[in-house]
1. If you keep only loop residues by DSSP, which trypsin sites (Lys or Arg not before Pro) in the range 90-185 have at most 11 other Cβ atoms within 10 Å of their Cβ?
2. Do the alpha carbons of any pairs in 69/129; 130/171; 69/130; 69/120; 79/171 sit beyond 21 Å of each other, and which pairs?
3. Taking 7 Å along the Cα-to-C-beta vector as the label spot, tell me the residue 163-residue 138 distance in nanometres, rounded to one decimal.
4. Quick one: accessible area per residue over the range 63-194, 1.4 Å probe, rounded to a whole number of Å²?
5. Taking the Cα centre of the range 51-90 as origin, work out the dipole magnitude from +1 charges on Lys and Arg Cβ and -1 charges on Asp and Glu Cβ, in debye rounded to 20.
6. Pop a pseudo-label 7 angstrom from the Cα along the beta-carbon direction at both residue 124 and residue 58 and give the gap in nm to one decimal.
7. Compute the distance in nm between two label points, each set 7 Å from the Cα along the Cα-to-Cβ direction, one at residue 69 and one at residue 184.
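The values are calculated or read from the model by the stated rules, or taken from the named source; none is laboratory data. Since the model is a prediction, treat every value here as computed from it, not as a measurement. With ideal geometry, Cβ positions are generated from the backbone for all residues, glycine too; neighbour counts draw on all protein chains shown. The area values use the complete protein model at the heavy-atom level, side chains included, leaving out ligands, DNA and RNA. Shrake-Rupley method; radii C 1.70, N 1.55, O 1.52, S 1.80 Å.
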Amino acid sequence: MLRNAGNARHPLAGWLASKQCSLVAVGGIIDFVAHGGAQTKTRMVLLDNQPLYQILEQAFSELDRLVDKLNVNDAVVEKEAYIYRKALERGLVRGRSISAMISAALYAACRDTETPRTLKDISAISNIKKKDLARCYRILYKELDLRMPVVDPVKCVSRIASRAGVQERTKRRALDILRRAEETRSSAGKDPMG
């Protein structure tokens, strides 16, 4: 039986505890045999023959560290846990850095919940090259068939304005220009964060 696989308050730990399953590991592949009415098998590929609890323990600690530094809400954490769990079930973590996949899942969760965080932000906090993070994100996006909403540029204006140190009047003027650009559709296809 699978016992507590990490921090019980973490979304991934709750998912594992809810499975109530036996683990059968053979040659780097783990089978979950669920106990209950109908026994079902879910096959999970392990990373370098590491036991599942070690993978998740490292993932939990990495996610907690990133969430503390990025200051994101619980909805983002729940979405990230869901995306990482799906990647783990499909074997996308195998042969890749757990930290890079957790960071990519966090970026995907931020995009999905429309939380304004860039690849550059997450890359700086996670100490992973932006190129590697983007590669892992593309893998998650493609293999999990994720659908991401288009970033609303209005949400990015205040962040850019505070970084630039401009006055409130300038910020309002920028929002006005942005609204007019959206009305004329001249902003279509442009990335608001550059």
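1. The qualifying sites are 129, 147, 185.
2. Result: 130/171; 79/171 exceed 21 Å.
3. Distance between the two pseudo-spin positions: 2.3 nm.
4. I get 59 Å² per residue for this part.
5. The dipole of the range 51-90 has a size of about 180 debye.
6. Spacing of the two 7 Å Cα→Cβ label points: 2.7 nm.
7. 4.1
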